[in-house]
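The values are calculated or read from the model by the stated rules, or taken from the named source; none is laboratory data. Fair warning: this is a prediction, and the values are worked out from it, not measured in the lab. Cβ atoms come from the backbone with ideal geometry, glycine included; neighbour counts cover every protein chain shown. SASA here: full protein model, heavy atoms, side chains in, ligands and nucleic acids out. Shrake-Rupley method; radii C 1.70, N 1.55, O 1.52, S 1.80 Å.
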Protein chains: 2
Amino acid sequence: MPDSKETKGRKGDHQNVARAAQVIDIIAASGPNGLRMTDVTERSGLGGSTVHRLLAGLIEHGLIDQDPETNRYLVGLKMVSWTAAALSRYGLAPYADASLERLCAATSDTVYLSYRSGNDAVCVDRREGNFPIKTLTLALGDHRPLGIGAGSLSLLAFQPEDDRRRLLAEDAVRRATYGFDTAYLEEKIAETRERGFSLNDGKLISGMSGLGAPILRRDGTAVAALSIAAISSRLEGERLTELSQMLREEAQTLASRASDVLDAELVKRHSFRKVQT
Amino acid sequence: MPDSKETKGRKGDHQNVARAAQVIDIIAASGPNGLRMTDVTERSGLGGSTVHRLLAGLIEHGLIDQDPETNRYLVGLKMVSWTAAALSRYGLAPYADASLERLCAATSDTVYLSYRSGNDAVCVDRREGNFPIKTLTLALGDHRPLGIGAGSLSLLAFQPEDDRRRLLAEDAVRRATYGFDTAYLEEKIAETRERGFSLNDGKLISGMSGLGAPILRRDGTAVAALSIAAISSRLEGERLTELSQMLREEAQTLASRASDVLDAELVKRHSFRKVQT
DNA sequence: AACAAAACTTCCGTTTATCGGAAAACAAAG
DNA sequence: CTTTGTTTTCCGATAAACGGAAGTTTTGTT
């Protein structure tokens, strides 16, 4: 039998988690009606009995569900509670909702909350304003390389310098697919650091602009970002000034509300002198 | 999970997924600052090197993240995109947001969206109104036995009869911990089916009431529910009539918008016998 | 700043859970 | 009722996970 060498990155590394994740990814990538076992089998390239055993295990632990009507497999709702745990990091969760709501109401545009995860910014929440032209560039769970998009850029700009340098070097190729070269990005980073917020004016999607502000820890690193997206004509002149101001304030409010958790990790590091109030 | 026997030496028992899920559960159950490897080791009862290998695999595939500052483990943000996929089931996702928003704005109380998952109702979204007394009984990902709580009750009431009977028998013990005996619940189910919406008046948490309406497929089974929670004095008399009406309409609107997907699975089944309202 | 203790990572022989082919059970179409 | 396709079970061979112990790094304390 021919060896399927496509998924063979390294040898002997954690086949179990790899396969489970692969199967879930396959199911997640399918539409809202789920997949039959055969579909999973052929898309994964795994043996029939392996897939069967794997699916049984995944179901038993709630990672995937099986529709009782059709016997098709769907991503399990246990992911929802795990996601709730994932979002509770930094302690932002209890306050983020209110911040997004306020910004959304005040601007009528679409507002986003993103977290940094590795080399990416991930969209973890979104609120649509009621301005008739919607700019839904990011969906829940979407991720982009750091630096691409307003929120993502404000995250990158406020990483520690060595980290920033490493990221700039590492991800050049991925960023290129979005039409961002490193020199341009460096310029934008400097601008963002100086102003305290990021502005992305139509470079990514023409006609659409974005505004982003970082959620900072006390040591100045960003762990998350708030951002606003709108058609470019709504992010110019006086309105731009006004909104960027509002956005920055909201980001600071959010950061200070969560500051206990935000800094809890840092406090115990002796490299950090704590400024108690 | 129903596995009570934890000792090693069990045969052929999907150990891989079991352990991965166990580790993620442990991390999810910890606070916003995550856990060190040792914490995971002692809480899981697994060997040190096993946990190490497992964590490495989980990280590689994004199921958990490691805070670069503290090296502590957190639930990974990949869960967010998997959750997005989980919520896309039934095709409700694109419209649910707007429905919740409308209800929330109109009532000023807290509104919830729940899905059925196995024998439980799971809270998958929530919107807080601006009435000063908040009733946040359910958080994202929380689950309750079917029948407990307004949304959950409306889900149960609109399951196929055989299923309902089975659920009533199976979960009696779990429901008892909430103070619901089966006879009472049967009465409430009948009431709910008759009215088309469920009312939970202070039985679960005294002083708090809830109102729930099912999202129905064309065959009459509920796959999800919208619900409103408020202090009891806000769900009485004329306002109760008004809100229940609004809630039912919104649930119907939502169902009809998603109907293509909602019924896609059923269409291909020739066993489409019960077309009732 | 130096030391001790705790935590993390790697190594490697042993064990055992996983693999996948084949065939039985099951379901869907013709 | 037959045919075709899908799901489930079985089983021996083997690759992958296990875990004790040794080595390395981090963390907390004097």
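Just need a number here: residues in the stretch A:42-51 that are open to solvent by 30 Å² or more (accessible area, probe 1.4 Å) and either within 11 Å of chain B (Cβ to nearest Cβ) or hydroxyl-bearing (Ser, Thr, Tyr) (or both).
Kept after step one, since they are open to solvent by 30 Å² or more (accessible area, probe 1.4 Å), are these residues of the stretch A:42-51: A:42-43, A:45, A:47-50.
From what is left, the residues that are either within 11 Å of chain B (Cβ to nearest Cβ) or hydroxyl-bearing (Ser, Thr, Tyr) (or both) are A:49-50.
Here the count works out to 2.
Among the residues here, residue A:163 qualifies as closer than 25 Å to residue B:63 by Cα, open to solvent by less than 40 Å² (accessible area, probe 1.4 Å), among the acidic types (Asp, Glu) and not in a loop (DSSP other than H, G, I, E, B).
Within the stretch A:132-159, which residues are open to solvent by less than 50 Å² (accessible area, probe 1.4 Å) and among the hydrophobic types (A, V, I, L, M, F, W, C)?
Of all residues in the stretch A:132-159, those open to solvent by less than 50 Å² (accessible area, probe 1.4 Å) come to A:135, A:138-139, A:141, A:144-159.
A:138, A:139, A:146, A:148, A:150, A:153, A:155, A:156, A:157, A:158 - these are the residues of the stretch A:132-159 that are open to solvent by less than 50 Å² (accessible area, probe 1.4 Å) and among the hydrophobic types (A, V, I, L, M, F, W, C).
Among the residues of the stretch B:28-40, those identified as of a type in the set (S, T, N, Q) and open to solvent by 30 Å² or more (accessible area, probe 1.4 Å) are B:33, B:38.
Contact map, the stretch A:65-79: first residue in contact (Cβ under 8 Å) with a residue 40 or more places away in the chain, second residue of a type in the set (D, E, K, R), Cβ cut-off under 6 Å, separation 6 or more or different chains; pairs are A:74/A:65; A:74/B:89. Looking only at strands (runs of 3 or more DSSP E) that fall completely inside the stretch A:97-156, which ones have 3 or more residues that are within 10 Å of another protein chain (Cβ to nearest Cβ)? Counting at least 3 such residues, we get A:110-117, A:120-127.
Is it true that residue B:182 is more than 13 Å from chain A (Cβ to nearest Cβ), farther than 19 Å from residue B:229 by Cα and in contact with a Leu (Cβ under 8 Å, 6 or more places away or on another chain)? First the steps, then the outcome.
Numbers: more than 13 Å from chain A (Cβ to nearest Cβ): yes; farther than 19 Å from residue B:229 by Cα: yes; in contact with a Leu (Cβ under 8 Å, 6 or more places away or on another chain): yes.
Yes: the conditions hold for residue B:182.
Tallying residues that are within 14 Å of another protein chain (Cβ to nearest Cβ) and near DNA strand D (Cβ under 9 Å from one of its atoms) within the stretch A:26-39 yields 2.
Which ranges mark the strands (runs of 3 or more DSSP E) fully within the stretch B:177-241 that have 1 or more residues being modelled with pLDDT of 95 or more and in contact with a Pro (Cβ under 6 Å, 6 or more places away or on another chain)? Give the derivation first.
Details: elements: B:198-201, B:208-216, B:222-231.
Here the list reads B:222-231.
The residue list B:213, B:258, B:251, B:229 contains one member that is within 14 Å of chain A (Cβ to nearest Cβ), in contact with a strand residue (DSSP E or B) (Cβ under 9 Å, 6 or more places away or on another chain) and open to solvent by less than 30 Å² (accessible area, probe 1.4 Å), which is B:258.
Is there a residue in the stretch A:4-22 that is away from DNA strand C (no atom under 15 Å from the Cβ), modelled with pLDDT of 90 or more and assigned to a loop (DSSP other than H, G, I, E, B)? No, because not a single residue in the stretch A:4-22 is away from DNA strand C (no atom under 15 Å from the Cβ), modelled with pLDDT of 90 or more and assigned to a loop (DSSP other than H, G, I, E, B). With the requirement that a residue be in a loop (DSSP other than H, G, I, E, B), near DNA strand C (Cβ under 10 Å from one of its atoms) and closer than 16 Å to residue A:16 by Cα, what does the stretch A:41-71 give you? A:45, A:46, A:47, listed by residue number. Annotation: of all residues in the stretch B:54-71 being more than 7 Å from every other protein chain (Cβ to nearest Cβ) and polar (S, T, N, Q), the one that is surrounded by the fewest Cβ atoms within 10 Å (Cβ to Cβ) is B:71.
What is the residue count in the stretch A:72-94 for residues that are part of a loop (DSSP other than H, G, I, E, B) and either more than 9 Å from chain B (Cβ to nearest Cβ) or open to solvent by less than 30 Å² (accessible area, probe 1.4 Å) (or both)?
Step one: list which residues in the stretch A:72-94 are part of a loop (DSSP other than H, G, I, E, B), which gives A:72, A:76-77, A:88, A:92.
Adding the requirement that they be either more than 9 Å from chain B (Cβ to nearest Cβ) or open to solvent by less than 30 Å² (accessible area, probe 1.4 Å) (or both) leaves A:76-77, A:92.
The qualifying residues number 3.
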